[in-house]
1. Could you grab me the full set of residues in region 83-99 that are at pLDDT below 95 and out of contact with any Ser or Thr (no Cβ under 6 Å at 6 or more places or on another chain)?
2. Considering only residues that are hydrophobic (A, V, I, L, M, F, W, C) and farther than 21 Å from Val35 by Cβ, which ones fall in region 54-104?
3. Those residues that are surrounded by 12 or more Cβ atoms within 10 Å (Cβ to Cβ) and over 18 Å from the mean Cα position of the chain (by Cα), I need them from region 42-68; list them, please.
4. Looking at region 87-129, which of the residues that are among the aliphatic types (A, V, I, L, M) and exposed (fewer than 15 other Cβ atoms within 10 Å of the Cβ) is farthest from the chain's Cα centre (by Cα)?
5. Determine if region 69-77 includes at least one residue that is surrounded by 10 or more Cβ atoms within 10 Å (Cβ to Cβ), in contact with a helix residue (DSSP H, G or I) (Cβ under 9 Å, 6 or more places away or on another chain) and over 18 Å from His123 (Cα atoms).
6. Which of the residues spanning region 86-106 are farther than 15 Å from Pro46 by Cα, in contact (Cβ under 8 Å) with a residue 24 or more places away in the chain and either assigned to a loop (DSSP other than H, G, I, E, B) or of a type in the set (Asp, Glu) (or both)?
Amino acid sequence: MTRTLRAWKTCAAAAVVVLTALAPVAVATEANAAVSGNVCLTALPPQARTTLNLIASNGPFPYPHDGIVFQNKGSVLPRQSYGYYHEYTVVTPGAPTRGARRIVTGLRYHEDYYTSDHYATFHLINFGC
């Protein structure tokens, strides 16, 4: 009985250590979801520039979800009314799915954001560099 209780306590303590170590990562990721400055247009991957050209010419887009309303659920981008933002896939070579890269556009001219990590962070695209 003592041996079983000791084994249970050891497992429970290990689980607490693991959960404690992982918890801040999840919280930090959520807390850091924000616009993280600017990124130069020339620093984007070529597929992002292709997507921007498709957006400027109104398609055709490679995925049926391209152009849908981006809901900004976590208010990561500046708060706007529903329908203000739209999202587009940035093709990831070799990915079997849409991948994690997106461009989210606002209604203002050149209000375009790039995310390479599926909405965890955003960078406002600077078209002047």
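The values are calculated or read from the model by the stated rules, or taken from the named source; none is laboratory data. Small disclaimer: the values here were computed from a predicted structure and weren't measured. Glycine also receives a Cβ, built like all others from the backbone with ideal geometry; neighbour counts cover every protein chain displayed.
1. Looking only at region 83-99, we keep the residues that are at pLDDT below 95, and these are 92-99.
Correct list: Thr92, Pro93, Gly94, Ala95, Pro96, Thr97.
2. Restricting attention to region 54-104, the residues satisfying the condition of being hydrophobic (A, V, I, L, M, F, W, C) are 54-56, 61, 68-70, 76-77, 90-91, 95, 100, 103-104.
Result: Leu54, Ala56, Phe61, Val91, Ala95.
3. Listed by number, the residues that qualify are Thr50, Leu54, Ile55, Phe61, Pro62.
4. Within region 87-129, the subset among the aliphatic types (A, V, I, L, M) is 90-91, 95, 100, 103-104, 107, 120, 124-125.
Checking which are exposed (fewer than 15 other Cβ atoms within 10 Å of the Cβ) leaves us with 95, 107.
Values: Ala95: 16, Leu107: 19 Å.
Ranking the candidates gives Leu107 first.
5. Within region 69-77, none of the residues are surrounded by 10 or more Cβ atoms within 10 Å (Cβ to Cβ), in contact with a helix residue (DSSP H, G or I) (Cβ under 9 Å, 6 or more places away or on another chain) and over 18 Å from His123 (Cα atoms).
6. Those that are farther than 15 Å from Pro46 by Cα, in contact (Cβ under 8 Å) with a residue 24 or more places away in the chain and either assigned to a loop (DSSP other than H, G, I, E, B) or of a type in the set (Asp, Glu) (or both): Arg98, Gly106.
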